[in-house]
1. So how tilted is helix B:247-262 from the main axis of chain B? Cα-based, degrees 0 to 90, rounded to 10.
2. Using a 10 Å cut-off around each Cβ, can you sort B:T37, A:T310, B:T529 from fewest to most neighbouring Cβ atoms?
3. How high is the relative contact order of the range B:243-429, in percent, counting Cα pairs under 8 Å that sit 6 or more residues apart?
4. What's the local net charge at B:A387, with K and R +1, D and E -1, over the other residues with C-beta under 14 Å away?
5. Relative to the first principal axis of the alpha-carbon coordinates of chain B, what is the inclination of helix B:608-620, with its axis defined by its Cα atoms, in degrees from 0 to 90 and to the nearest 10?
6. Please compute the net charge surrounding B:L315, taking Lys and Arg as +1 and Asp and Glu as -1 over other residues with Cβ under 14 Å from its Cβ.
7. Can you give the FRET efficiency to the nearest 0.05 for A:K213 and A:T8, using r as the Cβ-Cβ distance and R₀ = 30 Å?
8. Pull up the cross-link candidates among the lysines for B:K12, meaning alpha carbon to alpha carbon under 29 Å and not fewer than 8 places away within one chain.
Amino acid sequence: MTTQIKYTFKDFQSDQEVRWCPGCDDYVILRSMQKALPQMGIPKEKFVFISGIGCSSRFPYYMANYGIHGIHGRAAAIATGVKLANPDLTVFVMTGDGDSLAIGGNHFIHVIRRNIDLNIILFNNEIYGLTKGQFSPTSLIGQKTKTSPYGNTQPPFNVGELTLGAQGRFFARVAGNDAKHQTEIYVEAQKFKGTSVVEVMQNCVIFNDGAYKFWTDKDIRDEHQLYVEHGKPMIFGKNKDKGLVLDHDELKVVKIGEDGISEKDILIHDAHNPDTAIHTMLIRLKNPIVTGIIRSVREETLEEREAKLTEEIKRESKIKSYNDLVFN
Amino acid sequence: MDTKTNHRSRKKPVEHLDHVVIRFAGDSGDGMQLTGTQFTYSAALLGNDVFTFPNYPSEIRAPQGSLYGVSGYQVQIGSKEVDTPGDKLDLLVAMNPAALKKNLPDLKKGGMIIVDTDSFTNANLHKAHYESNPLEDGSLNDYMVVQVPMTSLTREALKDIPIDSKSKTRSKNMFALGMVYWLYGKDPKYTEAFLRKKFKNKPDIVEANIKALKTGWNYAETLELIPVSYVVDEAPHHEGKYKIINGNTATAWGLIAAAEKAGLKLFLGSYPITPATDILQELSKYRQMDVIAFQAEDEIAGISSAIGASFAGKLAVTTTSGPGLALKGEAIGLAVMLELPLVIVDVQRGGPSTGLPTKTEQADLMQALYGRNGESPVIVIAAKSPADAFYRAFEAAKLSLEHMTPVILLTDGYIGNGSEPWQVMRLEDLPEIKPPRVSKRLENWRPYDRDEKTLARKWVIPGTPGMEHVIGGLEKDKSTGAISYEPENHEYMVKIRQEKVERVADYIPVMETEFDSEGDLLIVGWGGTYGALKAAAKLMKEKGYRVGLAHFTHIQPLPQGVGKIFERFRKIVVAELNLGQFANYLRMKLPQFRYEQVNKIQGLPFYETELVEAFEKILKS
């Protein structure tokens, strides 16, 4: 890339009318992504957006890039084919909790296991939106939906735990209304070599409104949300006076300045630690809710391993073409 | 006395045969597939025409001696063209009582049986559900039984070779092979060379196997029970280089050839399923030719990854068998809607559900044609023989790429696993493949603009600057390609996708018949039954009937000229391995004709003799 074209977010807007419900966090996600792409230093024609089915999956139509609006649950599998066929492309998978964790659960775990360099943006609204309000694999126990009128009896997946269980190397979580951090995280997810999973806690204004308000509303979010950054102490609160410490193998919220606790006692976030123990604790924490890049561990990707092996076989093999094969 | 095809002279009188059908049968661990393959290669290298069919159980290693653990390998060798592995056996090699019991019904009256008497123990007889020993109770009086204590003779011959006792016993298949080589005057030198190569780091194993092979040969020579030996003369020599190839390998090679011819890389997204797995395994070997063989987490991921690869500009393929085709249905619909090239290979097996995984059937035809939601037309073609699978795979790729539509290629377990000589094709001698692929900017281009003749849209590859576009499963506007729910636009798009497939009839060969072009009976078939139907037609001709054979490799669209052929025969019979799916399809497409049916649904191919019987019955009625 010698001559880098300077893009603005407008270069990534398509001429299609955006048809999400007014007030939906999906608008924030769209704009944040359109702002993130110009920062990546990649020619526009090399981006590919692949989606499945659901509200989230309308996303590619609104981008002025290459894309496929696929079938329910299969975005990760389609994207796998795109990336293996041409590793030079930058591939995003735009998906939801129903698309990726229910019908597409198998593809979701296997794509993560293989560590293909895909960027999965998972819109988690804990509900089925496009089919108008049934419980999803992330809906809470007791949640009343059209198919659980007396309360949901099925326990939810935690997206982060599922990702780590599937050998996930990169996991980030971000609030659906947090445009600034979304843009930052999308850029980092793209930079990361390997499968990156970004869980966007996206509010569905129609069928599950307020699901995240207790930690995302502007006036209270500083007290209930901890945005972690690698190498920095895990401090939160409006006055930056709260933090996390490790106490008897458990994470504990402490107040800086109380009980002799000072800033240097606060746990430093190590996103690069291959061990999943603390990352899992951060993912499971209920108050504060942890956002930011929780895990980012570089390992060889599938494409890198594939390319290396192919190179090796090519060096050794006398068969270079079809004619060599059949006249062998 | 003929010694021409014989590296050492045999001392007994020699009888000449046109063709001979042999089956090697034993426990699934007895090495019968290897034994059969070796015999086939030697016969072919010595000039015979050959056609083989392995018959193996679903169980990988069923309990020793059990009926359901019997593995068989059948081969027909001939001094004339052979079209099938043969109906009835001239020789059955049975390594244990279960193999005898299971295969005896297929042996000709008066045929020869070679048995390993050492395996006829009370325990094995019991496992094979024999009440008394068939070698002693007179139940085999109609056959020529050659009783050989094969295990003990092999062990005795190998007693000085320093290998374990199990390996000695295991060499008995080479003893059996040696006997059969003697019987038909086949030089064992190719097998000796094969063994030296296969076990090149295990000289003792090489020695043991070759010793067993020679001991078997010599034993047959001296055994008084075998009064004669046979010879099947060389078939007429064809120019060029031949390879014995099974249908699955031929399919894989046809795809490799098509990719190279089109200047594309080959991408296979697949999931293991019997009997299609061999194609995935074969293509996994060719990284050096940039073949990407991706073993996915399931059937759906197999085809979905292939759709992604097709979007990214590769020749994309997915391979499966019946149940897998069912799982891929929705994704095939997506490929129809996206109008991307994609080859779907269905190696049919007995169904429904898990059905008969290792047996053959032709019952996926309707699924291939119509097994999707909505109006979802695809090109459907079918390979007629193991070697033909090469050409049909090549053609499937060509049609898919040039017409921008999915193609389903139907083969089946019988031709996938069966093998015959294939004349090796040079890449230069295969037709050109010219996909409408675009990797530079075009002015005024829209994603669903179509070629006037083929109706194919352009294949614009991601990475091409200025051509960014999104395609998807939602209905799209006929001109812009944007999402459209307009009623009339949808009808237009449904019709144009159908029309695009129908126009392929202009790009495939006009229908032809073999044998008579008019007469009493037209035999109609499709796909893997070709060999049996051809053999039956030959027999009908020998009996003086005026018969034609119209064998279809193109199902959707049908080739041109079918009606003109059909009207020249008094009767039309459609013979297929299902309840009449192609017959019903023809009733829909060409309703002016009356179709008789011959159907078999036993997981087995047609036998030529049963076909002749059925055809004669139809002619008399």
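1. The angle comes out at about 40 degrees.
2. Fewest-to-most ranking of B:T37, A:T310, B:T529: A:T310, B:T37, B:T529.
3. Details: 433 pairs, mean separation 55.6, N = 187.
The value is 30 percent.
4. Every neighbour counted, the sum reads -1.
5. It is inclined by approximately 60 degrees.
6. Numbers: positive: B:K261, B:K265, B:K314, B:K398, B:K434, B:R437; negative: B:E260, B:D290, B:E395, B:E402.
Taking every other residue near B:L315 into account, the sum is +2.
7. Working: r = 32 Å, r/R0 = 1.08.
About 0.40, to the nearest 0.05.
8. Of all the lysines, those that pass the test against B:K12 - Cα under 29 Å, at least 8 places apart if same chain - are B:K4, B:K80, B:K88, B:K108, B:K109, B:K172, B:K186, B:K189, B:K211, B:K214.
Rule-based calculations on the coordinates, nothing more; no lab input. Note that this is a predicted model, so its numbers are computed, not measured. Cβ: placed from backbone, ideal geometry, glycine included. Neighbour counts: every protein chain shown.
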